[in-house]
Amino acid sequence: MQLILLPRKSDGLSLEKIYQRALSRSKELYIVSAYLAEWGVKDALGSQCESFLFIVGKDFGITRKHACRSVMKWLPTERRHEFMVAESITGFHPKAMFWRELDGKCYALLGSSNLTQAAFSTNFEANGFSRITGGQFELASTWVEKIYGVSVTLNETWLDKYQEARQPARSSSSKADNNRAAEEVFHLPLPAISELNGYQPFLNQRRDQMEAFRSNKAKLEALFRTTSRARLWNQARSDDFYYKLSWLWCFGEDGSRFQGKGWERTGRNSDFREFSKSLVYVLDAPFAGRDRVVIREINRLTALGIPTRGALFSEMLCQFFPKHYFVLNGPVRDWFASLDTVFPRGFSSGERYVNSARLLRAALKRADGYPAENLAELDCIIWFASATS
C-alpha cells in the first residue's frame, strides 16, 4: 500500500493523479463519500467506464447543494442517474473509491480526504492507495450494492427538499437544525398494515406465485434469449412465443403471473423480439448499470411503440429482480399519484419508473418489521390496499 500524506510538497503520487487514473482507465468505478462539501475533480469520466456509481451521505446536513449541482454538471447526461444519496442510511461515513481497470487489475483508495480542493492540497490528510485482489474488489462491490439498494437519485427534486445544516455539525446551538437535516428527504409512506384486515392470504399467494416463477425462471430466460436472436419476426413467431410464454409464465390460479388480464388485448401480437432484446440487456447488466439500462430500454420500447413495454416488461423486471423493480400497474400508479412526490420536468417514462423504484426500495428499507420483504410483495400490499379502500 502507498501512503498519501497531505499536505505534501513532493511531485510524487497525488490524489489528483489517482482520480485521473481511475476516471480514465476504469471499467467499473464506485465512489462513496460521507458527505460532499465541494467538487474538486475536473477530469471527465471516460467512456470506457461501463459500471459507475457515486453515492454520498446526507447526515447532519453537511452535504452542500452547490457541490451536488457541480457533480450533476460534471457527469454526462446519461450517467446522472448514477449519482445517488444514501437516503435510508443513518451513520453513512465512508470515504473510499474502488475500481477495476480494463486490464482486470483492481484498486482501492481509502482515507480521510473529502472531495475538496483543500483536502487535495492544504489539509492534513492521510490516505492509502493500493492494488487489491479480484476477490477483495467483489467484496467491495457487494458492499456498495447494499448501499445502492437503499439509495435514491440525487437530482433537483431531492435538492429542493434537502435541508443543509446552518452551522457545522455537532455545534450545540444548531443541534435541532442538524437533527432535521438528517431526516430522509423523501419520506415515502407505505400502506398502514394496521388498517389492512385480511391481507395475509393475498401476501401468501404472492409468495407462491414467486416460487412458481422461480421454478420456470431458467426456461423463461432461455425463451427470451432465443427470441432476442431471431433474424425475422412475423405472426407465426409471435404466436409461438405467446403460447410458450403462457405455458412457462403459468397463467391461472396456481401460476406465477402477478397481474390480471389486460395487456393481451393490445400486446398479444407485439414485437416480442424487441421486447426480449430489452429484457436480455437488463439481465446481462451489472448491478450498478442495471437502472441505466432499464431507463434506456423502457425509452427504446416506448419510441418503438411496443405495447408490452409497461405491464409485461415491468412484471418481468419485478419477477427477475423482486428487490429492485415493481409492476407498473393501476394501483401503484394511483398510490404514487396520491403522494407528494414530484419528479423533475422532462423525465422520460424510463426515468420515472426507475426513480419510483428507488423510492420504494428506500421506503421499504426504512419500514422495520413491515411484512413485505421486497417490491414484489409490496406491490401485492399496495394492490390490496387499493382494492379495500
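Any residue at all in the range 179-188 that's modelled with pLDDT under 95, surrounded by 13 or more Cβ atoms within 10 Å (Cβ to Cβ), assigned to a helix (DSSP H, G or I) and out of contact with any strand residue (DSSP E or B) (no Cβ under 8 Å at 6 or more places or on another chain)? Yes. Just so you know, in the range 325-365 the residues that are crowded, with 19+ Cβ neighbours inside 10 Å and farther than 22 Å from residue 313 by Cα include one that is nearest to the chain's Cα centre (by Cα), and it is 362.
List, please: which pairs have Cβ atoms under 8 Å, are six or more places apart or on different chains, and start with a residue in the range 366-389 that is on the phi < 0 side of the Ramachandran plot and end with one that is among the basic types (Lys, Arg)? Between residues of the range 366-389 that are on the phi < 0 side of the Ramachandran plot and residues that are among the basic types (Lys, Arg), the close pairs are 374/323; 375/323; 375/361; 376/206; 377/206; 377/207; 379/206; 380/206. Considered as a group, the residues in the range 64-109 that are of a type in the set (Ser, Thr, Tyr) and more than 17 Å from residue 146 (Cβ to Cβ) include one that is modelled with the lowest pLDDT, and that residue is 77. Taking the criterion of being assigned to a loop (DSSP other than H, G, I, E, B) and under 18 Å from residue 94 (Cβ atoms), the residues of the range 1-39 that qualify are 1, 34, 35, 36, 37, 38, 39.
Of the candidates 228, 215, 276, 174, the single residue that is modelled with pLDDT of 90 or more, small (Gly, Ala, Ser) and either touching an Asp or Glu at 6+ places or on another chain (Cβ under 7 Å) or closer than 30 Å to residue 84 by Cα (or both) is 276. Restricting the range 378-389 to residues that are farther than 25 Å from residue 302 by Cβ and among the β-branched types (Val, Ile, Thr) leaves a set whose member that is surrounded by the fewest Cβ atoms within 10 Å (Cβ to Cβ) is 388.
When restricted to residues that are assigned to a loop (DSSP other than H, G, I, E, B), among the aromatic types (Phe, Trp, Tyr) and modelled with pLDDT of 65 or more, the range 254-273 contains 1. Looking only at the range 40-64, which residues are under 21 Å from the mean Cα position of the chain (by Cα) and not in a loop (DSSP other than H, G, I, E, B)? Listed by number, the residues that qualify are 51, 52, 53, 54, 55, 56, 59. One residue alone among 303, 311 is modelled with pLDDT under 95, surrounded by 20 or more Cβ atoms within 10 Å (Cβ to Cβ) and not aromatic (Phe, Trp, Tyr), and that residue is 311.
Among the residues of the range 368-377, which ones are surrounded by fewer than 16 Cβ atoms within 10 Å (Cβ to Cβ) and more than 27 Å from residue 283 (Cα to Cα)? Before you say what the answer is, go through the steps one by one.
The initial filter retains those residues of the range 368-377 that are surrounded by fewer than 16 Cβ atoms within 10 Å (Cβ to Cβ), namely 368-369, 371, 373.
Selection gives 368, 369, 371.
Here the range 68-90 is the region considered, the condition is being charged (D, E, K, R) and part of a helix (DSSP H, G or I), and the residue that is surrounded by the most Cβ atoms within 10 Å (Cβ to Cβ) is 82.
Just one of the numbered conditions (1) surrounded by 13 or more Cβ atoms within 10 Å (Cβ to Cβ); (2) of a type outside the set (Val, Ile, Thr); (3) at pLDDT 85 or above; (4) outside any helix (DSSP H, G or I) is not true of residue 251: (3).
Among the residues of the range 369-381, is there at least one that is part of a helix (DSSP H, G or I), small (Gly, Ala, Ser) and in contact with a helix residue (DSSP H, G or I) (Cβ under 8 Å, 6 or more places away or on another chain)?
So the first thing to find is which residues in the range 369-381 are part of a helix (DSSP H, G or I), and the list is 375-381.
From what's left, small (Gly, Ala, Ser): 376.
With in contact with a helix residue (DSSP H, G or I) (Cβ under 8 Å, 6 or more places away or on another chain) added as a condition, the list becomes 376.
Yes: one or more hits.
The values are calculated or read from the model by the stated rules, or taken from the named source; none is laboratory data. It should be emphasised that the depicted structure is a prediction, and the values quoted were computed from it without experimental measurement. With ideal geometry, Cβ positions are generated from the backbone for all residues, glycine too; neighbour counts draw on all protein chains shown.
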